[in-house]
Structures are given as structure tokens and as C-alpha cells.
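Okay, structure first, notes after.
The values are calculated or read from the model by the stated rules, or taken from the named source; none is laboratory data. Computed from a predicted structure; not experimentally measured. Cβ coordinates were reconstructed from backbone atoms using ideal geometry, including for glycine residues, and neighbour counts include every protein chain displayed.
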């Protein structure tokens, strides 16, 4: 529902990027539910911006499969299913495997110090689950992983991983809803792997890192879909 959107505030960021991030967050958090139609003019009015940045944001969200269009060109929030969720998880695991097989040879002690700093911030959040904010944890998670991607020396791989970041963000939200996860410990395991530099284990380490939490997230999502269907029946 567009009433869940807050007007865009003035920030040192491109307006289209602000609109994109606002819409992406709203989709991930269910404020804009699957199947809801979005109109440029209405979104622009709700965010108090012109239609130009909204149009640019829509184009990016379509590319990342967060929005879809029909034959008449109308925009709708994408409707996901179990198959799509599982494909995203396994695709990310495959891409991350390649990233973690390429990055170790390019990492210095300074790089490891930086990654350790991110993990310390994760630890602070894990130690206070009551005040934990999945958005901040997602920020730390992406900060960690995008840093690794930047050290692969593989531009197309980095671009491919950037393109599925919104879906990974959605998984972070689902995982957080499904229960507490020790993000710091899971990322310490990744650092140990990177330090050892055993490229042959990259696929196994990333499957262990991504798929178990993906299975829990999908299970929670399926339960939530059933609950929502029951709630809908009661209101009819």
C-alpha cells in the first residue's frame, strides 16, 4: 500500500537511487505486497518527487525482478514462489563460490583487518538481539560480501552479484523473521577460509553459508503465506 511509503527527504544521493531504495525496502518488508499495482504518478505523489526518478527506479526494479509488467505496460510487485526463492539462493551460492575462490589471492592483511572490523559490528548486534535491526545487519552483511567481490578482479561477476543484491536483501529479512542467526560467527568462518586460501573448498563453504538459512527462510515464508491465506478467508 502506498500509504506505507514516507516522502523522500533531502539526502546527498541521486533521487532515483533514493526512490529505488525506498521501494525496494517496502517490497522486501511487505509494505508493498506481491501483486500490488504501482502507478508512476501515485508513487511520485506519495514520495513527493517527480515521475522521472520513479520511472528510473521502476526500470531498475524490473531488471532485478522485484517488479513485473503486463502486456499493457502496467507495473506490479513481483509475486514470488518457492521455486523462485530456491533458485535465488542457489544462484547466489554459485556466484559467491566463484568470488571466494578468486578473492584470497588478492587479499592483504589490511583487507582482513577491514573485514574483522565489520564482524565486530555484527557481534555487537548479535549480543543485543532485542535491539537488532535487520537493515543494519543486512548493511554489514553486504558490506562484507561486496568487499570480497571487489577483490575478485572479475568485473562481470561483481556486476552479477550486485544484480541479485535486492533478492539477497529479501532473504535477510525472511531469515530474520524465521529466527535469530549468529551472523558474526558465520562470517568468521568465511574469514578463516579466506586466510587458508583453499580454493577447492569454495563451493562447499558457500553452500554451508547460504543454503541452511535459505531453507529456514523459505519454510517461514511458506508458513506466512498459509497464515495470510487463512486471514484472507476470514475477511471474505
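One residue stands out in region 64-75 among those that are in contact (Cβ under 8 Å) with a residue 24 or more places away in the chain and touching a helix residue (DSSP H, G or I) at 6+ places or on another chain (Cβ under 7 Å): the one that is farthest from residue 174 (Cα to Cα), namely 75.
To keep it simple, each residue is scored yes or no on (1) out of contact with any helix residue (DSSP H, G or I) (no Cβ under 7 Å at 6 or more places or on another chain); (2) farther than 24 Å from residue 85 by Cα; (3) in contact (Cβ under 8 Å) with a residue 24 or more places away in the chain.
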| site | (1), (2), (3) |
| --- | --- |
| 142 | no, no, yes |
| 155 | yes, yes, no |
| 160 | no, no, yes |
| 169 | no, no, yes |
| 187 | no, no, yes |
| 205 | no, no, yes |
| 208 | yes, no, no |
| 217 | no, no, yes |
| 221 | no, no, yes |
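Would you mind stating whether residue 145 is assigned by TED's automatic domain parsing to the domain that holds residue 98, under 25 Å from residue 21 (Cβ atoms), under 16 Å from the mean Cα position of the chain (by Cα) and crowded, with 20+ Cβ neighbours inside 10 Å? In short, yes. Among all residues of region 110-119, there is at least one that is modelled with pLDDT of 95 or more and closer than 22 Å to residue 156 by Cα. Just one residue in the set 59, 78, 93 is surrounded by fewer than 19 Cβ atoms within 10 Å (Cβ to Cβ) and without any contact (Cβ under 8 Å) to a residue 40 or more places away in the chain; that residue is 59.
When you check residue 212 against the structure, is it part of a helix (DSSP H, G or I), within 24 Å of residue 116 (Cα to Cα) and either in the same structural domain as residue 95 (by TED's automatic domain parsing) or touching a strand residue (DSSP E or B) at 6+ places or on another chain (Cβ under 7 Å) (or both), yes or no? Spelling it out, residue 212 is indeed part of a helix (DSSP H, G or I), within 24 Å of residue 116 (Cα to Cα) and either in the same structural domain as residue 95 (by TED's automatic domain parsing) or touching a strand residue (DSSP E or B) at 6+ places or on another chain (Cβ under 7 Å) (or both). Condition check for residue 175 on (1) more than 17 Å from residue 80 (Cβ to Cβ); (2) surrounded by 15 or more Cβ atoms within 10 Å (Cβ to Cβ): one failure, at (1). Inclusion of residue 228 among residues that are more than 16 Å from the chain's Cα centre (by Cα), in a helix (DSSP H, G or I), modelled with pLDDT under 90 and at negative phi is warranted.
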